[in-house]
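The values are calculated or read from the model by the stated rules, or taken from the named source; none is laboratory data. Predicted model only: the values in this text are computed from it and were never measured. Positions of Cβ are backbone-derived with ideal geometry, glycine not excepted, and every protein chain shown enters the neighbour counts. Heavy atoms of the whole protein, side chains included, go into the accessibility calculation; ligands, DNA and RNA do not. Shrake-Rupley method; radii C 1.70, N 1.55, O 1.52, S 1.80 Å.
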Amino acid sequence: MPIQEQNIKFLKSQVMGDVPEGGGAATGTEIPDGVMNNVFEDISDLDRAMGRFNLRKLFLAVRTLSTDLFGGAKTVVTALPEDGAIGYTLFSTNDPFDTREQAASRVEAYLFKGPMWHGALYENHIEGMRQIRVIQREGSELPPRGRTLTLVQNEGLPDEKEQYVRITEVEATLRVFTDPSSGKDFVRLIVSMDLSDALRFDFSGHTPNIGDNYNYTNGARLRDTTVADATRYFGAQKTVAAAGIGDKTIRTQSMFTQLVPAAQSEEPLANQPLNPSLIQTIEAGARTVEVPQQAHTLARDVTPENRRYNWIETLAPVPGPGAYSISYMAQGNWYTLVDDGEGVISGSDPGFGSGTIDYVTGNTSVTLGALPDAGSQIIHIYGSRVHYEVRSGADSLAVDRVAVPINLNHNPVIASSLSMTWPAGADTLTATVDATGTVTGAATGHIDPGSGEGEIYLTRLPNRGSDLAISYNWYEADDPGQSVYKRDQPVPTGSTITLPDIPKPDSLALELTVTDPKSRADITVIARDKAGILTVPPQLAKNSSYHQVETEQAIGTVNGATVTISTMDIQVKRNIWLGFGYASASA
């Protein structure tokens, strides 16, 4: 008689319980079919609130007295629990004698210990603790809730101890420490991480030091994890669309199932910018310059149809060197790859993925270390050089001299009292002004004593962040804002003006009105006393942005209280708007 379905039985393992020695070899005890709690116990209120991972080892056996050929058997999950928080998953270790502890390690092996985490265990931790404390640099990335890290004591030695820990809560505090050798203070983040499972071993920690040089011969290592998928799992999912005979594709609610309890909690984020900000570091000759800017972002949805390892994108505007990152989610964890400024994209571990970027075309080609989760996004974040222009090194401007405009708050200025100082390197440089306004010393140029305006040219630039200090004296008017002389009639050539008082040298200013012969517009310009010569300096007309005096012109003399006008023929340039630019004509 051939072997029938009723001849295939489930048998218990040696220890049917959630203890380290659970599992083991097969027994002859049959598991009765259709009996409540024949494999797992009832779910307690504590398990429902906190979550629990139950693991049982079962065996298949053929119970028959015949010698018929056994062709094999299949095990499937045919009924799903009504409670969505419960999930059943089948897997095989192909080891008839392993225990629960060894099987649980296979489950944990979906993550494999990767590169060193950017932190070190803070002081000693003992078995049974449900929290670890980690030393990290200020500004470094904190581990997200749900992240799995690895603690390793005596790595590579016969007495090595290793434990994967899942983080359920994170809190960071900035603390100040003192370096015992130099006496200097330094700050470090002390990150407290609550764990989903208690520590199973004692782990030796480290004391913070200013150089972050830790002795891992005696102290434990803290490592990040990467996706390994060391075990194949089998389960069941409900379909979202009816399936028929001959269909090649079936749509289900999800391709994932639950293995271990996951921690979820809410944390409100208020007043957050839409785009993250980043800082680009630019080489500027002998120093570097930090350029802050709002980041450009681009997100691509991951669907079951386009889920793949390789992602190619052409970004606009073009990313700047050292300012690009791409993030993706795999198995619920985020991984980030960044460019090195030389066109290579990589992560903190080669297993996270790699790629290239072209800083001329903006093309990126990235191969991810794991398939991204369906329903997640591939996120590009980068800065661009379109927001600034480099003016150093090979891109520096070829200028003969550096001009600094001067516009003093008080005038008229006693020119000979004016001096300027500024630091340049280790030196303090000085420039002075003579009675005519000519600048000498560590700068050249001219400052008009009457208006306090001018332009100087420095022989050496001031130090970064320093000030140009200007010291001077000025004349105070007896009647500020009042005219001492006014004439509404035309001033004939050769006429004189007698002032009620003798003005201070270089303090006299005349407001003159001239007429544009073409447009018949009245143009107002200023004439000033310059060492006894009445001069119209270069200027824009006070009442017209279309008229300007381009060259200095002498129109008379000043002698005591007498002003002599020798000419009113003042050359004024008129700019004419043609619709797409300016043309010039003389008036």
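The residue pairs whose first member lies in segment 196-224 and is more than 30 Å from residue 46 (Cα to Cα), whose second member is among the basic types (Lys, Arg) and open to solvent by 40 Å² or more (accessible area, probe 1.4 Å), and whose beta carbons are closer than 7 Å, counting only pairs six or more residues apart or on different chains, are 210/184; 223/113. For residue 347, the criteria (1) out of contact with any Leu (no Cβ under 7 Å at 6 or more places or on another chain); (2) modelled with pLDDT under 90 hold in every case but one, which is (1).
Identify all residues within segment 287-301 that are open to solvent by less than 70 Å² (accessible area, probe 1.4 Å) and either part of a strand (DSSP E or B) or modelled with pLDDT of 90 or more (or both); write none if there are none. Once the filter is applied, which keeps residues that are open to solvent by less than 70 Å² (accessible area, probe 1.4 Å) and either part of a strand (DSSP E or B) or modelled with pLDDT of 90 or more (or both), segment 287-301 yields 288, 289, 291, 293, 296, 297, 298, 299. Among the residues of segment 2-16, the ones that are at pLDDT 90 or above and out of contact with any strand residue (DSSP E or B) (no Cβ under 6 Å at 6 or more places or on another chain) come to 1 in all.
Residue 149: part of a strand (DSSP E or B), surrounded by fewer than 16 Cβ atoms within 10 Å (Cβ to Cβ) and at pLDDT 90 or above, yes or no? Taking the combined requirement at face value, the residue does not satisfy it.
Here residue 476 meets each of (1) touching a residue at least 12 places away in the same chain (Cβ under 8 Å); (2) closer than 27 Å to residue 420 by Cα with one exception, condition (1). A Cβ distance below 6 Å, combined with a sequence gap of six or more or placement on separate chains, defines the contacts here; from segment 75-95, residues that are among the polar types (S, T, N, Q) reach residues that are not in a loop (DSSP other than H, G, I, E, B) in the pairs 93/103; 93/106. Look at segment 159-186: where a residue is charged (D, E, K, R) and a partner is open to solvent by 50 Å² or more (accessible area, probe 1.4 Å), sitting 6+ places away or on another chain with Cβ atoms under 6 Å, you get 161/201; 166/196; 169/194; 179/210; 185/176; 185/178.
Of the residues making up segment 419-433, those that are of a type outside the set (A, V, I, L, M) and part of a strand (DSSP E or B) are 419, 421, 422, 423, 427, 428, 430, 432. For segment 466-484, the tally of residues that are at pLDDT 80 or above and open to solvent by less than 80 Å² (accessible area, probe 1.4 Å) stands at 7. Scanning segment 308-316 turns up at least one residue that is in contact (Cβ under 8 Å) with a residue 60 or more places away in the chain, basic (Lys, Arg), open to solvent by 20 Å² or more (accessible area, probe 1.4 Å) and part of a loop (DSSP other than H, G, I, E, B). Scanning segment 444-465 for residues that are under 42 Å from the mean Cα position of the chain (by Cα) and open to solvent by less than 40 Å² (accessible area, probe 1.4 Å) gives 456, 458.
Name the single residue, out of those in segment 317-356 being in a loop (DSSP other than H, G, I, E, B) and touching a residue at least 24 places away in the same chain (Cβ under 8 Å), that is farthest from residue 298 (Cα to Cα). Within segment 317-356, the match that is farthest from residue 298 (Cα to Cα) is 349. Of the candidates 33, 95, the single residue that is within 20 Å of residue 11 (Cβ to Cβ), open to solvent by 60 Å² or more (accessible area, probe 1.4 Å) and in contact with a helix residue (DSSP H, G or I) (Cβ under 8 Å, 6 or more places away or on another chain) is 95.
When the residues of segment 1-15 are filtered to those that are within 57 Å of the chain's Cα centre (by Cα) and in contact (Cβ under 8 Å) with a residue 24 or more places away in the chain, the one that is least open to solvent (accessible area, probe 1.4 Å) is 13.
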